[in-house]
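Single-structure report; data block below.
The values are calculated or read from the model by the stated rules, or taken from the named source; none is laboratory data. Keep in mind it's a predicted model, so treat the numbers as computed, not measured. With ideal geometry, Cβ positions are generated from the backbone for all residues, glycine too; neighbour counts draw on all protein chains shown. All accessible areas refer to the heavy atoms of the entire protein, side chains included, with ligands and DNA or RNA removed. Shrake-Rupley method; radii C 1.70, N 1.55, O 1.52, S 1.80 Å.
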Amino acid sequence: MPQTLDDQAALHLAPNLVVRAARDDAYQIAWGQGSDREYFITDSADLAGLLATMPRTTTVIDARRQLEQGLRTSTVEAATLVGHLVSYGYWLPEPAILTLGERSWLDVGWEDALDLHMATRGMIWSHDYSGNPQVMTRYHVTKNVQPDSPRPMRRRPVRTETVSLPEPTDLGVDYWRAHDGRRTSRDFRTSRINIDDVATILGLTFKPRFPASDPYLYTSQSYSLGAPFHAYLITGMEGAPEELRKNYAVYHYDSNAHELGLIRTATELDQFDALLWRQSYVNHAPIMLVICVDWQQYMWKYRFSRAYRFVLTECGAFMQTALLIASALGLKAFQTPAMNDIAMCKALDVADHEIAPLYVATFGRH
């Protein structure tokens, strides 16, 4: 039942309030943090607009008048709606005060990041491995939700030709030697790379290795068992392996077949740095590795928005493996997540709400 409220009582908007278009010509109004986050759906554009533009602080009587006038409804109906919104938590009796830490995010223009961070903060979840479920995550801890749909098939882009890769090279290098030799390079002039190097980086990073009889586990730490992650390779103008096309040929790595499939040639490119907001360190590199995530694969398993954080953690683990292997091979490397999203998606021929580029590295031999 809606609350009975004093006309002059103060009402304060809940934190992390978002009003957005939902599917089927409806609107979603959401607020709060983590597992306490609330939302409702309305098909009234007028109501969505009013709730999106309410002052941060108002009174019961003023809120009622705005709803009454904006929705052209009766005083009783407007009062009932105010009571419902207070009961739901859209309005609070006390203001939600930003901490100094939260304000620091706003000071540097991180408003959108703060909304995402706070909306997913405190989200309750746990893992339940009983019964060997395909999805072991329990949301709100009350139940293990098994999807009705089967796991999405791993995406395989259309390829015009394929290049079989040799088996990865036996590194034969002490871990600490590879670890201590790891450096970030910013000059790839005259550098080259051979097909064995490429096969070793891709095979040891993105191909399941364990157990030997039926491998499905990666060297890299992976919550999702690695299935959502894809490796794309773009060749430079010089120094790329002779077995591959040069001049920004885009390849997709097929871990099952251990081969590269040619997707397209990025004729719109004239330098690698056009993909990285003109970070010229990458120019003249023989190859660029782009790690991408298949959102549908990831969302199928992790059906709560906090998992957006997990994707970035896992991607970093795969890149760390690739960099360590490159160090063991004696290659130099440069890595960055700071890419031009639109240009990169165009180059790879992907849509970033489906397959999203997340992390980039270039490699070359000294």
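Descriptive notes on the structure:
- The modelled label-to-label distance between SER74 and THR336, using points 7 Å beyond Cα along the C-beta direction, is 6.4 nm.
- Partners of LYS301 within straight-line reach, counting aspartates and glutamates whose Cα lies under 20 Å from its Cα and excluding those fewer than 8 residues away in the same chain: ASP128, ASP148, GLU314, ASP352, GLU354.
- Kyte-Doolittle at least 0.0, axis length at least 27 Å by Cα - qualifying DSSP helices, the chain: 307-328
- Net length gained if the chain between THR99 and HIS353 were fully extended (0.36 nm per residue, minus Cα distance): 88.2 nm
- Between ASP115 and ASP62, the FRET efficiency from the beta-carbon distance, with R0 = 30 Å, is close to 0.70.
- For the chain, adding -39500 (n - 2.57) for each run of n ≥ 4 DSSP H residues and dividing by the number of residues yields -8500 deg cm²/dmol at 222 nm.
- Of the solvent-accessible surface of segment 235-332, computed with a 1.4 Å probe and all protein chains present, 48% belongs to carbon and sulfur.
- Between ARG183 and GLN221, the FRET efficiency estimated from the beta carbon spacing at R0 = 22 angstrom works out to 0.45.
- Accessible area per residue, Å², the chain with all protein chains present, probe 1.4 Å: 53 Å²
- Stretching LEU312 away from SER130 to a fully extended chain increases their span by 62.8 nm, per 0.36 nm per residue minus the current alpha-carbon distance.
- Count Lys and Arg as plus one, Asp and Glu as minus one, and take only other residues whose Cβ is under 14 Å from that of ASP46; the net charge is then -3.
- Highest-first packing order for the peptide set 170-181, 237-248 is 237-248, 170-181, based on the mean count of other beta carbon atoms within 10 Å.
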